[in-house]
1. State the number of residues belonging to the stretch 113-133 that are surrounded by 14 or more Cβ atoms within 10 Å (Cβ to Cβ) and either among the aliphatic types (A, V, I, L, M) or in a loop (DSSP other than H, G, I, E, B) (or both).
2. In the stretch 88-109, is there at least one residue being more than 19 Å from residue 227 (Cα to Cα) and part of a loop (DSSP other than H, G, I, E, B)?
3. Please determine whether any residue of the stretch 209-222 is within 22 Å of residue 18 (Cα to Cα) and either of a type outside the set (A, V, I, L, M) or in contact with a Phe, Trp or Tyr (Cβ under 6 Å, 6 or more places away or on another chain) (or both).
4. Across the stretch 183-223, what is the total count of residues that are among the basic types (Lys, Arg) and part of a strand (DSSP E or B)?
5. From 253, 243, grab the single residue that is touching a Lys or Arg at 6+ places or on another chain (Cβ under 7 Å), open to solvent by less than 20 Å² (accessible area, probe 1.4 Å) and over 18 Å from residue 156 (Cα atoms).
6. Hey, among 110, 182, which residue is of a type in the set (D, E, K, R) and either open to solvent by less than 10 Å² (accessible area, probe 1.4 Å) or over 24 Å from residue 75 (Cβ atoms) (or both)?
7. Only one of these is in contact (Cβ under 8 Å) with a residue 24 or more places away in the chain and of a type in the set (Asp, Glu): 246, 258, 230. Name it.
8. Just wondering, is there one or more residues in the stretch 17-27 that are among the polar types (S, T, N, Q) and at pLDDT 95 or above?
Amino acid sequence: MIESDRELSSMVQELWDNDVNRLKPGKDYKISLKGKAGDTMASNDNNDGAGYPLFTFVDENIFKKETFFAFISLLDNYESDTGEPEIVTPEEVAENHKFLDSIIQTPTMKIAHKYLVEKQLSPADKKEFKEQLYRIWFELYARRGSSRPDSSGFEHVFVGETRGRRTVIGFHNWIQLYLQEKLGHVDYKGYSVNANSPQPDENKHILALQFSWKNGIKPKGSIFIGVSPEFEFALYTLCFLTSPNERVKVQFSFYDVEIVCHHYNQKHIGTTYPVLLKYQNPGKGD
């Protein structure tokens with residue numbers, strides 16, 4: 001493991017240890033993995049290895065917590081099809097700021113901010129740091145094939161988009177997945193494994209899966225499950241700002257993970273998500 005990855009790993013471990021709003025598997029939520037997803041990418045139900053929802057229980061009291069509540073208010077602010085220009089209303093801008101205000105107060109974002117200031121990658125002033133986060137995550141840009149601003153890092157990673165209305169891109173967040181599944185818009189098709197990834201575990205926090213959303217299919221997606229919005233924001237912002245590489249290996253808790261983080265014009269997040277490489281020896285805590 002190269003030195004920069006080792007340093008980032010210790011930071012991610014600190015974020016993990018301070019993610020006070022993280023849900024506990026089997027207690028605050030339960031998932032049912034069922035079958036392995038088929039290898040074909042057709043968006044028909046013959047390919048359904050699961051046949052049942054992924055989430056069998058979530059304690060929705062957690063959604064009343066400030067950061068969760070502010071996060072969920074953002075999920076209906078976007079037009080999912082790429083190529084459709086986004087119209088951002090003043091109310092939506094206010095919701096974006098409210099969300100950033102709420103996560104900046106959390107232990108995980110404070111840790112990330114302190115580290116980024118030490119590395120001279122972020123301004124020490126909280127207001128300026130918030131402006132930096134806004135630019136990275138919420139400023140609109142034109143995704144491939146579009147001439148008009150139709151996407152943002154936040155929309156792609158946390159909300160999900162469709163391309164040509166048949167392919168789901170982005171959509172790497174468990175809260176959005178749970179809420180969309182509850183509404184009947186998501187159909188979980190099963191978990192994904194390949195030669196390099198371990199068999200998934202219902203009591204662990206990272207999962208590769210296949211699902212359909214609206215009329216599109218996500219052949220393979222990878223997400224954290226049960227973590228707080230502030231943990232993901234802190235982790236992905238750290239990776240975006242500290243590493244020019246689009247894949248960063250980190251080790252924390254039970255997990256050896258590659259964080260994929262594509263930059264868009266070096267100013268915005270194109271996409272970012274975790275890829276589980278292996279489970280560590282379980283002697284290190286949750």
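The values are calculated or read from the model by the stated rules, or taken from the named source; none is laboratory data. Every value quoted in this text rests on a predicted model; they were computed, and no experiment measured them. Don't worry about glycine lacking a Cβ; one is built from the backbone with ideal geometry, like all the others, and counts go over all protein chains shown. Note: areas computed on protein heavy atoms with side chains; ligands, DNA, RNA excluded. Shrake-Rupley method; radii C 1.70, N 1.55, O 1.52, S 1.80 Å.
1. Matching residues across the stretch 113-133 total 6.
2. Checked the stretch 88-109: at least one residue is more than 19 Å from residue 227 (Cα to Cα) and part of a loop (DSSP other than H, G, I, E, B).
3. no
4. 3
5. Unique residue meeting the criteria: 253.
6. Going through 110, 182 in turn, the sole match is 110.
7. Residue meeting the stated conditions: 230.
8. yes
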